[in-house]
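The values are calculated or read from the model by the stated rules, or taken from the named source; none is laboratory data. Please read these numbers as outputs of a predicted model, since none were measured by experiment. FYI the Cβ positions are ideal-geometry reconstructions off the backbone, even for glycines, and counts take in every protein chain you see. In case anyone asks, the SASA skips ligands and DNA or RNA and just uses the protein heavy atoms, side chains included. Shrake-Rupley method; radii C 1.70, N 1.55, O 1.52, S 1.80 Å.
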Amino acid sequence: MNFFTRRITVLRMDLDFFRHSIESALAPLVPDGAVRGLVSEPPPPKVDRGGGSGKARRSSGQRVKLADLSVPCFRLTRAFEGMKPPAIAVHLLTGLAGPPAGFSDVVANGPYLNFFYDPAVLAEKVLEGEIEPAADTGLTILVEYSSPNIAKPFHIGHLRTTILGECLARMLEHQGHTVVRINHLGDWGVQTGFQILAWRRWGRDAELERGGIRYLCDLYVRINAEAEDDPSLADQARALFRSLEEGDASVREDWRRFVDITLEELGRSYGRLGVGFDRYDGESSYETMIPGVLEELDESGMLYESEGARVVDVEGLEEPCILVKSDGATIYQTRDVAAALFRWKTWPGFSRCLYVVAANQEFHFRQVFGVFDRMRPDGAGRLRHVKFGMVRDAAGDIFSTRGGASARLDDILDEARDRALDLVREKSGPLQDEMAVAEAVGCAALAYEFLRRSPNRDLRFVFEEASRPDGDTGPYLQYTHARCCSIINECGGMPAGPWDPSLLDGPEEVEVLKALLRLPSAVGRSADHGSDAYDTSTFTSALMELARSFGSFYTASGDAGSGQRYRYPVRDAGPELRASRLRLVDSVRRALAWGLHLLTIQAPERM
RNA sequence: GCGCCCGUAGCUCAACCGGAUAGAGCAUCGGCCUUCUAAGCCGAGGGUUCCGCGUUCGAGUCGCGGCGGGCGCGCCA
């Protein structure tokens with residue numbers, strides 16, 4: 001059992017209603033559409049240290065909100081020649097003669113023209129939103145991610161590409177693009193030779209059956225350790241890889257077996273993460289295409305010999321790209337070029353092919369993209385390296401593949417689940433599916449830890465910190481979702497009748513509504529093939545703002561500024577207020593379920 | 001040496017096109033549960049945004065120069 005939301009859906013809202021309202025109200029007052037794109041959100045409310053008793057800020061108004069939306073008048077100085085920004089603000093305010101549709105107030109504050117939502121209109125526009133699938137854009141985007149090496153251990157660092165890639169894929173899909181998920185398995189090359197060499201020296205069938213990937217990794221670590229002292233082992237490994245490429249039957253048999261075992265086990269682990277691929281096109285699958293690629297390069301005159309190797313010049317790089325080593329074998333650049341050509345042929349006219357791979361591969365991809373761009377000018381520029389920083393451990397060291405730690409993806413997920421299980425048992429009441437919940441919470445902790453950060457920077461991963469239940473974490477989002485479910489449950493489900501948006505006029509309610517309103521556009525700022533933004537943290541923080549605003553709303557509603565405290569602000573609120581609050585709770589619930597799905601995180605209804 | 005990335009609170013990270021008082025979380029301190037999830041909420045302290053110069057009405061954000069860290073620079077992947 002798991003709690004993944006089934007279908008990708010989109011919260012559809014009349015998003016731009018408020019911005020358009022301001023723009024069209026100002027349009028007659030400003031020459032040639034200069035207001036377009038000027039509407040922006042001010043900084044969040046700040047505590048006024050000037051006074052206040054410090055009690056019940058809801059009623060004391062201690063927090064000062066600058067505005068909900070504002071128009072900075074600096075950039076209108078050209079349109080209003082000779083006027084200073086504050087004067088422009090006043091001028092526009094006078095011309096408006098009252099707040100535009102959807103707003104309850106408009107004021108001039110220095111150089112800013114500030115607008116305040118009419119809470120009832122805001123509530124109506126936001127909460128009447130429907131959930132429906134995104135429209136098809138007709139564009140195809142390929143996303144290559146995860147791509148583990150079958151010989152080497154899958155360490156924490158691989159989780160970053162796996163989760164980041166899946167999340168970007170979902171976000172792009174959400175925006176109506178056709179996404180093809182590709183796992184470019186590292187199942188070819190000299191390291192495969194090492195793998196086979198180790199197997200032939202020490203391998204035992206029974207152990208392989210029992211240990212699976214873990215056993216293969218142990219062998220790989222061992223052969224690498226011995227190769228430190230015995231350089232001839234590397235020669236043997238290279239020779240084995242060459243015979244693999246040349247089609248030696250017995251070598252190929254061993255290799256096939258390792259690939260199958262790895263794929264089977266990996267597939268189960270991916271399932272736990274909600275990650276799934278359309279294609280497992282490993283490096284080996286381009287083997288047969290390589291002669292054709294080299295032939296084409298040769299005929300076009302791009303390929304030439306340099307120090308025994310065969311290379312191609314790349315624009316903007318001083319060093320050419322090696323495609324055939326001096327021993328006649330291929331190199332991973334060769335296979336990546338072949339893969340790119342294959343993809344261009346298989347999905348002709350794709351608008352992007354994203355490579356979600358660590359930043360230290362940047363030079364490699366510049367070479368590969370450079371060769372591709374020369375060979376397929378009509379597809380040039382569509383290959384993009386979505387790079388991200390190294391993952392380091394608590395001591396600041398990079399997770400090593402050669403080191404003894406033979407972690408499998410499953411081991412990492414198990415640890416996350418076990419840590420979560422302790423919390424579930426400690427914090428929740430008895431749950432009949434506590435293992436499934438623990439699994440969901442554990443994976444959420446992991447996924448969120450990667451998605452909350454901008455990809456550029458290196459990242460320090462500490463299990464203790466990632467699996468913390470509170471604060472800026474995946475489990476907090478899940479918890480908020482579960483609370484929403486619980487509230488609706490306690491009220492006996494959603495009422496069918498009408499609801500009154502004007503009852504949702506408190507400052508906390510408005511903040512929740514604003515957080516909801518921001519959400520859909522945040523997806524586009526996180527993943528957009530047009531601007532080539534691929535940064536999940538933008539959406540992640542928008543979703544977190546929603547959850548936090550809900551927490552404040554929920555507590556504040558139980559307070560009601562009266563001093564009288566009642567603990568069931570929804571159920572005990574009286575029929576009208578209850579219906580309205582339920583409406584808000586339900587929208588938050590749906591938005592969280594949807595947002596968590598985009599983040600590859602499950603949304604249990606209880607935890 | 002050259003190229004790319006990064007430098008923001010004690011720690012981990014944010015900050016949409018350059019916009020108002022640089023925000024969260026953790027940690028610390030102080031409040032809030034008999035009743036729908038306290039895995040929560042409210043508050044306090046904590047900043048020369050690495051340094052300098054420049055661009056402009058305005059710079060954490062853009063440019064140049066430093067300093068510090070990371071990664072990469074042909075037959076591994």
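Of everything listed in (1) at pLDDT 70 or above; (2) over 19 Å from residue A:521 (Cα atoms); (3) hydroxyl-bearing (Ser, Thr, Tyr), the single unmet condition for residue A:53 is (1). Inspect all residues belonging to region A:358-374 and state whether any of them is at positive phi and within 25 Å of the chain's Cα centre (by Cα). No, the conditions are met nowhere in region A:358-374. Taking region A:184-280 and the helices (runs of 4 or more DSSP H) fully enclosed by it, the elements with 2 or more residues that are buried (at least 21 other Cβ atoms within 10 Å of the Cβ) and small (Gly, Ala, Ser) are at A:190-202. Could you say whether any residue in region A:198-220 is under 23 Å from residue A:526 (Cβ atoms) and aliphatic (A, V, I, L, M)? No, because not a single residue in region A:198-220 is under 23 Å from residue A:526 (Cβ atoms) and aliphatic (A, V, I, L, M).
May I ask you to verify whether residue A:518 is within 7 Å of RNA strand B (Cβ to nearest atom), touching a residue at least 12 places away in the same chain (Cβ under 8 Å), open to solvent by 10 Å² or more (accessible area, probe 1.4 Å) and among the basic types (Lys, Arg)? No, not satisfied.
Does region A:77-95 hold any residues that are within 42 Å of the chain's Cα centre (by Cα) and among the basic types (Lys, Arg), and which are they?
Selection gives A:78 alone.
Just checking, which of A:246, A:283, A:264 is more than 32 Å from the chain's Cα centre (by Cα) and acidic (Asp, Glu)? Lay out the reasoning, then the answer.
Values: A:283 fails: more than 32 Å from the chain's Cα centre (by Cα); A:264 fails: more than 32 Å from the chain's Cα centre (by Cα).
Result of the check over A:246, A:283, A:264: A:246.
Just one of the numbered conditions (1) in contact (Cβ under 8 Å) with a residue 40 or more places away in the chain; (2) hydrophobic (A, V, I, L, M, F, W, C); (3) away from RNA strand B (no atom under 16 Å from the Cβ); (4) not in a loop (DSSP other than H, G, I, E, B) is not true of residue A:339: (3). Taking the stated definitions as given, is residue A:113 within 16 Å of RNA strand B (Cβ to nearest atom), over 32 Å from the mean Cα position of the chain (by Cα) and part of a helix (DSSP H, G or I)? The answer is no for residue A:113. Among residues of region A:290-300 being open to solvent by 60 Å² or more (accessible area, probe 1.4 Å) and without any contact (Cβ under 8 Å) to a residue 60 or more places away in the chain, the one that is nearest to residue A:314 (Cα to Cα) is A:298.
When region A:66-90 is limited to residues that are part of a helix (DSSP H, G or I) and open to solvent by 50 Å² or more (accessible area, probe 1.4 Å), the one that is farthest from RNA strand B (Cβ to nearest atom) turns out to be A:90. So which residues in region A:108-135 are among the hydrophobic types (A, V, I, L, M, F, W, C) and either open to solvent by 70 Å² or more (accessible area, probe 1.4 Å) or in contact (Cβ under 8 Å) with a residue 24 or more places away in the chain (or both), if there are any at all? Those that are among the hydrophobic types (A, V, I, L, M, F, W, C) and either open to solvent by 70 Å² or more (accessible area, probe 1.4 Å) or in contact (Cβ under 8 Å) with a residue 24 or more places away in the chain (or both): A:113, A:115, A:116, A:120, A:121, A:122, A:123, A:126, A:127, A:131, A:134, A:135.
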